[in-house]
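**Student:** Dumping the structure here so I can ask a few things about it.
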Amino acid sequence: MHSTINKYSLICHATKNILCGCLKRYSSHFVYHPEPISNELGKTSKKNMYQAINSAMDLVLSKDSNSVVFGEDVGFGGVFRCTSGLRERYGKDRVFNTPLCEQGIVGFGIGLAVAGTTAIAEIQFADYMFPALDQLVNEAAKYRYRSGNLFDCGKLTVRTPCSAVGHGALYHSQSPESFYAHAPGLKIVMPRSALTAKGLLLSCIRDPNPCIFFEPKIMYRLAVDDVPDDDYELPLEKAEVLVEGRDITLIGWGTQVHVLLEVAEIANKDFGISCEVIDLVTILPWDKQTVANSVKKTGRAIVSHEAPLTGGFGAEISASIQEDCFLHLESPIRRVTGYDTPFPHVFEQFYLPNKWKCLQAIKELVNY
Amino acid sequence: MYSAEIMLKRLINIKLFKKQYMLSSTIPANTEESVYRGINKVNYTSNLDINEPSLNSPVPIFRILNDTGDILNNCKSIIIPENNELIKMYKSMVLLSIMDKILYESQRQGRISFYMTNEGEEAAQIGSAAGLNSNDLVYGQYREAGVLLFRGFTPEQFMNQCFGNIDDLGKGKQMPVHYGSKNLNFVTLSSPLTTQLPQAVGSAYSFKRSKVDRCTIVYFGEGASSEGDAHAAFNFASTLDCPIIFFCRNNGYAISTPANEQYRGDGIVSHGPGYGIATIRVDGNDILAVYNSVLKAREYVMTHTRPILLEAMTYRRGHHSTSDDSTAYRSKDEIKQWSIKNPIIRFKQLLEKNNLWNNQNDVEYEKETKKQLMQLFAIASKKNKPNWREMFNDVYHEIPNNLLEQMNSLEDHISQYSDHYPKQ
């Protein structure tokens, strides 16, 4: 389905960049906001996002003997290292490579789940998940419904890297969450940090519904938090208010949360605008209530995502805010998103909904 | 531009090179341990041959009964079921065919919305079902009602599903013939073709790991084998050593497309070697041959922890579905020719020759069955439909807030416009 050269060249780039310590190129469009340090969930240690994800799968494999991890190149640790060390610890019948075939991986995962096995599938890039669209949309999403709850594949979780990475161009950068958001029956989750990645992945794996877990790949190495060593779950279907504010609500998920956090700081410092920042966390089913409560308070809203504007999930959120908060609105709802183009290569900085585009939108809406 | 002299010299050099090359190739090519990953041993050859597929010698079709229901002389180590099992198999075939007629006609009269008959493939279905253990997991395509029937799904349950009434196990969610039963280890069908194949492989892998005496069997048509999911499933099953029986019903047609427009190799069985999968090709209209093939296939997948691909050669005598008229693309003569090979008659002849069944039994059983099915049909048709709120159930394990909100808004709407909706 896709060229191996492309996939590996990305890893080589990643490795090279780490070696050179030149993370600047990656982080040019956002500043990572680490999670606050807390001992509430027990002892912590510094982990980046891939290590946090690895830790989550390690816990599941150690506690649930009927659980397996599989996908392309998963055996040696995965091209992003998320499964490293797991085959050595749990054996190659539990952590294994599959043939290079996305529809096979998801179909196989559904069958495992139907037979009662906890199935953690990896699709190497979200950009390559489309051959599995039928298995996800027509099969996984509808399994419980169509059988009147006789059969389900709730034990299936599909992990896949997504979103901009600095040089991924058309086929290593997409954020396709809204495609899947049109398939009732799926849960769709995207973490913003190492700490949330571990807790949310554990929740997805144990949730009795099939989940797609989108991992913003730029954060695999860049996002470092004090991550609890123990087992913990974070709530699905629950948005999180990260910064409370009065004047405008900024809604995003994944990497974009960090863009919004930075722009909220700038807007406050330079223009005295108080922004409320919400991480949606779960795209489907999404937390309408938290968003509506916030917009009723601030009277203004911006939804921001990397995916193209038309048919993006921002459209759904905007429509819903309009229905729920009409009389509270002080200005139109704005979407600051990627453009309706394929994800470009050398124009990435122009394409992304960066802090300057968000800042401009905030100022326009506050002065509307 | 080269001068003529230089050109000539170059030509001579090329000739010399060729000659040298030919001389050095007189050392015989030999067999070596392969350095190529995934290939065990390799022969080198100095012959540049194109490897033509051997279409002139198709894989033979295993059969036990001839067209008139006699056991062939040279059949070795076959298993004939006990008499009562033989009669159960025969009655299941007849029951299936009677149920088909009633439900097909009921669709024609507008009583149910859709139906698919199993006509012509009764032996492939019942014979394979009889060869399995009851806890083996079945993934069907859509023309396997006989498998479910043989496992104990009652005519009443079939009819409840076709009407989508309050007693339908699927709670009225799917079109007719999308059956499923947790108790009978038959995964609920879905309409998309071939999606069940990689899923069945995943379940087989799960059984292998849990070391239970279970395999999966997955049914599909020859048309379905053209989908990408078939390739995915064969390859996953082979590379991951899964105990699964791939049961292909090669019935000659995918809706209107004849099998010869579906593939150019030797049917579906020829896919096996390419994936490193063992195969059996069997006469799908010979119930004893199908039964023995599945018994043997089951033993093979359980003892070797490997997949097997079984191709049952048969013929879909009925239309694809009630939305199809097959006379638009095949001749009546062709259908008639296959009517003579009716698998029910063939099996009946065997039973008659062994004094296990006779015409009188047939008449009585058919009469009694028809009467019983018509009564069940009348009951199923009168049962209520599930409450409309059921529409929102089972999307997720628990109803999420967005669906609760939508359910409440429909409730409100219905309270104002109740005249325009079916009464419960």
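**Student:** Residue by residue, what Karplus-based ³J(HN,Hα) values in Hz, rounded to whole numbers, does the stretch B:64-78 have, using 6.51, -1.76 and 1.60 with θ = phi - 60° and x for Gly and Pro?
**Tutor:** 10, 9, 7, 5, 9, x, 9, 6, 5, 4, 8, 5, 10, 6, 9
**Student:** Work out the FRET efficiency for A:Leu100 and B:Arg209 from their Cβ-Cβ distance, taking R0 = 22 Å, and round it to the nearest 0.05.
**Tutor:** 0.45
**Student:** For B:178-185, what's the mean count of beta carbons from other chains sitting within 10 Å of each residue's beta carbon?
**Tutor:** Taking all residues of B:178-185 together, the mean is 2.
**Student:** Next question, about the same structure. Quick one: check the C-alpha center-to-center distance for the stretch B:381-409 versus the stretch A:229-268, whole angstrom.
**Tutor:** With the stretch B:381-409 and the stretch A:229-268 each reduced to a Cα centre, they are spaced 33 Å.
**Student:** Would you mind estimating how fast the stretch A:272-368 diffuses translationally, via Stokes-Einstein at 4 °C and 1.567 mPa s with the Kirkwood radius over Cα pairs, in µm²/s? Intermediate values should be presented prior to the final figure.
**Tutor:** Values: Rh = 14.1 Å.
The estimated diffusion coefficient comes to 92 µm²/s.
**Student:** Continuing with the same structure: With θ set to phi - 60° and the Karplus curve 6.51 cos²θ - 1.76 cosθ + 1.60, what are the ³J(HN,Hα) couplings of the stretch B:233-242 in order, to the nearest whole Hz, using x for Gly and Pro?
**Tutor:** 5, 4, 5, 5, 4, 6, 5, 9, 6, 9
**Student:** What is the ratio of the Cα radius of gyration of the protein assembly as shown to 2.2 N^0.38 Å, where N is its residue count, to two decimals?
**Tutor:** Compared with the compact-globule rule of thumb, the protein assembly as shown sits at 1.12.
**Student:** Continuing with the same structure: What percentages make up the Cα-Cα pair-distance distribution of the stretch B:309-424 when the bins are 10 Å wide from 0?
**Tutor:** Percent of Cα pairs in each bin: 9, 18, 21, 20, 17, 13, 2.
**Student:** Further, regarding this structure: Quick one: compute the contact order of chain A, relative version, from alpha carbon pairs under 8 angstrom and 6+ residues apart, as a percent. Write down the numbers at each step before the final one.
**Tutor:** On the way: 795 pairs, mean separation 61.8, N = 368.
About 17 percent, as a whole number.
**Student:** Sticking with this one: In a solvent-free Debye calculation with one equal scatterer on each Cα, what is log10 I(q)/I(0) for chain B at q = 0.08, 0.11, 0.13 Å⁻¹, listed in the order of the q values?
**Tutor:** After summing over all Cα pairs, the log10 values are -0.55, -0.90, -1.19.
**Student:** Roughly speaking, what is the centre-to-centre gap between the stretch B:309-332 and the stretch A:99-168 when only Cα atoms are used, to the nearest Å?
**Tutor:** 33
**Student:** Additional query: Assuming R0 = 51 Å, can you tell me the calculated FRET efficiency for the pair A:Phe76 and A:Glu330, based on Cβ-Cβ distance, to the nearest 0.05?
**Tutor:** 0.40
**Student:** Mind checking the full-extension length gain between B:Arg111 and B:Tyr36? Use 0.36 nm per residue of separation minus the Cα-Cα distance, one decimal, nm.
**Tutor:** Extra length available between B:Arg111 and B:Tyr36 comes to 20.8 nm.
**Student:** Moving on to the next point. Along each of the three principal axes of the Cα atoms of the stretch A:65-144, give the extent in whole Å, ordering the values from largest to smallest.
**Tutor:** Per principal axis, max minus min of the Cα coordinates gives 35, 29, 17 Å.
**Student:** Compute the length gained on full extension between A:Asp93 and A:Val243: take 0.36 nm times their separation in residues and subtract their Cα-Cα distance, giving the result in nm to one decimal.
**Tutor:** 49.5 nm
**Student:** What nm value, rounded to one decimal, do you get for the distance between B:Ile50 and B:Arg389 when each label is placed 7 Å out toward the C-beta?
**Tutor:** Those two pseudo-labels are separated by 6.9 nm.
**Student:** Then there's this: Most exposed first by the Cβ proxy, i.e. fewest other Cβ within 10 Å, how do B:His413, A:His258 rank?
**Tutor:** B:His413, A:His258
**Student:** Go from 0 up to the bin containing the longest alpha carbon distance in the stretch A:165-298, width 10 Å each, and give me the % of pairs per bin.
**Tutor:** Spelled out per bin, shortest first, that is 12, 38, 36, 14, 1.
**Student:** Using the scaling law 2.2 N^0.38 Å as the reference, what is the normalised Cα Rg of chain A?
**Tutor:** That ratio works out to 0.96.
**Student:** Given H placed 1.01 Å from N in the peptide plane, which residues other than close sequence neighbours of A:Leu242 have an amide H under 5 Å from its amide H?
**Tutor:** Those lying under 5 Å, H to H, from A:Leu242 are A:Val277, A:Ile278, A:Asp279.
**Student:** If I model the stretch B:373-419 as equal point scatterers sitting on the Cα atoms and use the Debye formula, what is log10 I(q)/I(0) at q = 0.23 Å⁻¹?
**Tutor:** -0.83
**Student:** Still on this structure: Tell me, what ³J(HN,Hα) does each residue in the stretch A:114-119 have, in order and in whole Hz, if you take phi through Karplus 6.51 cos²θ - 1.76 cosθ + 1.60 with θ = phi - 60° and put x for Gly and Pro?
**Tutor:** 4, 8, x, 8, 6, 10
**Student:** Quick one: dipole size for the stretch B:245-299, taken about the Cα centre, charges +1 on Lys/Arg Cβ and -1 on Asp/Glu Cβ, in debye to the nearest 20.
**Tutor:** 120
**Student:** When Lys and Arg each count +1 and Asp and Glu each count -1, what net charge do the other residues less than 14 Å away from A:Asn354, Cβ to Cβ, add up to?
**Tutor:** Within the 14 Å Cβ shell, the charges total -1.
**Student:** Just report the Cα centroid separation between the stretch A:284-355 and the stretch B:213-269, whole Å.
**Tutor:** 45
**Student:** Which order do B:Met391, B:Met93 fall in if you start with the one that has the fewest other Cβ atoms within 10 Å?
**Tutor:** Listed from fewest to most nearby Cβ atoms, that is B:Met391, B:Met93.
**Student:** Additional query: Taking each residue of A:152-161 in turn, how many C-beta atoms of other protein chains fall within 10 Å of its C-beta, and what is the average?
**Tutor:** 1
**Student:** Would you order A:Glu240, B:Glu32, A:Glu276 from fewest to most other beta-carbon atoms within 10 Å of each residue's own beta-carbon?
**Tutor:** Neighbour counts put them in this order, fewest first: B:Glu32, A:Glu240, A:Glu276.
**Student:** Next question. For chain B, what does the relative contact order come out to in percent, with C-alpha contacts under 8 Å and a separation of six or more?
**Tutor:** Relative CO of chain B lands at 19 percent.
**Student:** Might you report the magnitude of the Cβ-based charge dipole of chain A about its Cα centre, with Lys and Arg at +1 and Asp and Glu at -1, to the nearest 20 debye?
**Tutor:** Values: 36 positive and 41 negative charges, 103 e Å.
For chain A, the charge dipole is close to 500 debye.
**Student:** Please check which bits of the stretch B:133-172 a label hung off B:Arg330 would reach, taking the label as a point 7 Å along Cα-to-C-beta and the cut-off as backbone N under 18 Å.
**Tutor:** B:142-145
**Student:** Separate question: Tell me the label-point distance for the pair B:Asn133, A:Lys363, using the 7 Å Cα-to-Cβ offset, in nm and rounded to one decimal.
**Tutor:** 7.3
**Student:** Would you calculate a helix-derived [θ] at 222 nm for chain A, using -39,500 (n - 2.57) for each DSSP H run of n ≥ 4 and dividing by the full residue count, to the nearest 500?
**Tutor:** Computed mean residue ellipticity for chain A: -10500 deg cm²/dmol.
**Student:** Same structure again: If the label point is 7 Å along Cα→Cβ of A:Phe347, which residues in the stretch A:128-172 have backbone nitrogen under 13 Å from it?
**Tutor:** Output list for this probe position: A:170.
**Student:** Over the stretch A:56-110, what is the mean sequence separation of C-alpha contacts under 8 Å (at least six apart), divided by residue count, expressed as relative contact order in percent?
**Tutor:** Once normalised by length, the contact order is 34 percent.
**Student:** Only helical DSSP H runs with n ≥ 4 go in: add -39500 (n - 2.57) per run for chain B, normalise by residue count and round the 222 nm mean residue ellipticity to 500 deg cm²/dmol.
**Tutor:** That comes out to -14000 deg cm²/dmol.
**Student:** A further question follows. Rounded if a/c is under 1.5, else prolate if a/b beats b/c, else oblate: with a ≥ b ≥ c from the C-alpha gyration tensor eigenvalues square-rooted, which is the stretch A:99-190? Don't jump to the answer; show the numbers that get you there.
**Tutor:** Values: a/c = 2.41, a/b = 1.79, b/c = 1.35.
Prolate.
**Student:** Starting from one equal scatterer on each C-alpha and no solvent at all, send me the Debye-based log10 I(q)/I(0) for the stretch A:237-281 at q = 0.23, 0.24, 0.31 Å⁻¹, two decimals.
**Tutor:** Normalising to I(0) and taking log10 leaves -0.69, -0.74, -1.09.
**Student:** Report, by chain and number, residues whose modeled amide H sits under 5 Å from the one on A:Ile283, excluding near sequence neighbours (fewer than 5 apart, same chain).
**Tutor:** Answer set, sorted by chain and number: A:Ile188, A:Val189, A:Met190.
**Student:** With a cap of 10 neighbouring Cβ atoms within 10 Å, and only residues DSSP puts in a loop, list the trypsin sites (Lys or Arg not before Pro) found in the stretch B:31-107. Please report the intermediate quantities before stating the final value.
**Tutor:** On the way: sites: B:Arg37, B:Lys41, B:Arg63, B:Lys76, B:Lys88, B:Lys91, B:Lys101; in loops: B:Arg37, B:Arg63, B:Lys76.
Passing both the DSSP loop test and the Cβ count: B:Arg37, B:Lys76.
**Student:** Can you list the residues, at least 5 places off or on another chain, whose amide H is less than 5 Å from the amide H of A:Thr44, using H built in the peptide plane?
**Tutor:** Placed amide hydrogens put A:Asp229 under 5 Å from A:Thr44.
**Student:** By how many nm would the segment from B:Ile379 to B:Asn355 lengthen if fully extended, with 0.36 nm per residue of separation less the alpha-carbon distance?
**Tutor:** 5.0 nm
**Student:** Extending each Cα 7 Å along its Cβ direction at B:Asn183 and B:Ser323, get the distance between those two points in nm, one decimal.
**Tutor:** Spacing of the two 7 Å Cα→Cβ label points: 3.2 nm.
FYI, it's all coordinate maths here, none of it is from the lab. Here the structure is a predicted model, which is why all the values come from computation and not from measurement. FYI the Cβ positions are ideal-geometry reconstructions off the backbone, even for glycines, and counts take in every protein chain you see.
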